[in-house]
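The block underneath contains the structure these notes are about, expressed in structure tokens.
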Amino acid sequence: MAFGGVNGINIFEPGEIELNNTIPRVEITSVRVKNERINHANFDSPKKLSYEENTIFFSFASLDFNDPSKNVYKYKLDGVDKEWLKSGTNREVTYANLPPGSYTFRVMGTNNSGLWSEEEAIFAFVINQFGLSDLSSHNRRAGILFCQISEDAYENSEPVKVGKTGEGAS
């Protein structure tokens with residue numbers, strides 16, 4: 001193909017365009033539980049979460065920066081998703097109200113030429129069930145609240161006279 005330009009003729013051969021053959025690496029860039037960022041790096045075993053920490057947010061990125069707007073992703077949460085979910089160029093996902101259990105979040109991505117990563121970025125976690133240690137914690141909170149209410153009631157009450165009443169009282 002030849003095109004005329006200000007400085008003469010430009011020749012373009014579409015077959016000479018080289019695709020990006022660099023296999024991208026994908027990373028989980030952020031994990032948030034109860035809207036607080038947690039350190040997700042260097043976990044040899046699954047991260048343990050309480051039953052109250054059952055909403056989890058992930059963000060991720062393909063580490064290919066030739067044209068990041070063309071990087072696409074797919075993810076899967078083992079224990080919830082039966083198949084990989086395509087997210088297009090969206091780099092975030094939130095799972096809410098997860099029941100107690102073991103989970104593994106997996107994500108893969110492409111480079112700008114559509115070449116998929118060979119390895120998944122993975123984050124494993126366990127949401128613990130409501131247990132006796134949680135119950136004792138709740139009992140302590142309830143006991144403290146009861147004591148505070150009782151103290152307030154005592155301080156705001158009228159004095160009560162205790163003694164004999166009626167006939168023969170002196």
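Every read-out reported here was derived from the displayed coordinates using simple, explicitly stated rules and does not represent laboratory data. Since the model is a prediction, treat every value here as computed from it, not as a measurement. Here the Cβ is made from the backbone with ideal geometry for all residues, glycine too, and neighbour counts use every protein chain on show.
List the GluC sites (Glu not before Pro) within region 24-91 that DSSP assigns to loop and that have no more than 12 neighbouring Cβ atoms inside 10 Å.
Working: sites: 27, 36, 52, 53, 83; in loops: 52, 53, 83.
Answer in residue order: 52, 83.
Filter the chymotrypsin sites (Phe, Trp or Tyr not before Pro) in region 1-69 down to the DSSP loop ones having no more than 16 other Cβ atoms within 10 Å, then list what survives.
Values: sites: 3, 12, 43, 51, 57, 58, 60, 65; in loops: 12, 43, 51, 65.
When the chymotrypsin sites (Phe, Trp or Tyr not before Pro) of region 1-69 are filtered for loop state and at most 16 Cβ neighbours within 10 Å, 12, 43, 51, 65 remain.
Can you give me the three principal axis dimensions of region 69-117 from its C-alpha atoms, in Å, biggest first?
Principal extents (Cα only, largest first): 39, 16, 12 Å.
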